[in-house]
Amino acid sequence: MADQDRKVWLPLAVLAAALVIWASLLALGTYLDWGDDRPHHDPRKAWIVLGTMGVFLAFWGLALWFRSRRRG
C-alpha cells in the first residue's frame, strides 16, 4: 500500500513545490518592483504574494486530506 500512496502523493508534492517556486519568483519580482524611475523595495508586496500562495496550498491540502479520509 505504501507504493500506491507514493504514486498518488508524489505528483501532488512536485506540483506543490513548483507552485512554491513560482510564488517565490513572483514575490521576488514584486519586491524588486523595477519602475520607470528607480526600483522600490517593498517587502509587504512579497509577503502578500507568499501569503496568498500559502493560503491556497493550505486550502488545497485540506481538501485533499478530507477527500482521502472520506475514501477510507
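The values are calculated or read from the model by the stated rules, or taken from the named source; none is laboratory data. Values in this document were obtained by computation on a predicted structure and should not be read as measured data. Here the Cβ is made from the backbone with ideal geometry for all residues, glycine too, and neighbour counts use every protein chain on show.
Within the stretch 13-42, which residues are surrounded by fewer than 12 Cβ atoms within 10 Å (Cβ to Cβ) and modelled with pLDDT under 90?
TRP34, GLY35, ASP36, ASP37, ARG38, PRO39, HIS40, HIS41
Anything in the stretch 43-72 that is within 11 Å of the chain's Cα centre (by Cα) and surrounded by 11 or more Cβ atoms within 10 Å (Cβ to Cβ)? List them, or say none. Lay out the reasoning, then the answer.
Taking the stretch 43-72 first, the residues within 11 Å of the chain's Cα centre (by Cα) are 49-61.
Of everything in the stretch 43-72, those that are within 11 Å of the chain's Cα centre (by Cα) and surrounded by 11 or more Cβ atoms within 10 Å (Cβ to Cβ) turn out to be VAL49, LEU50, GLY51, THR52, MET53, GLY54, PHE56, LEU57, TRP60, GLY61.
Can you find a residue in the stretch 16-25 that is hydroxyl-bearing (Ser, Thr, Tyr) and within 16 Å of the chain's Cα centre (by Cα)? Working first, answer last.
First pass over the stretch 16-25, keeping only residues hydroxyl-bearing (Ser, Thr, Tyr): 24.
Filter again for within 16 Å of the chain's Cα centre (by Cα), leaving 24.
Yes, the conditions are met somewhere in the stretch 16-25.
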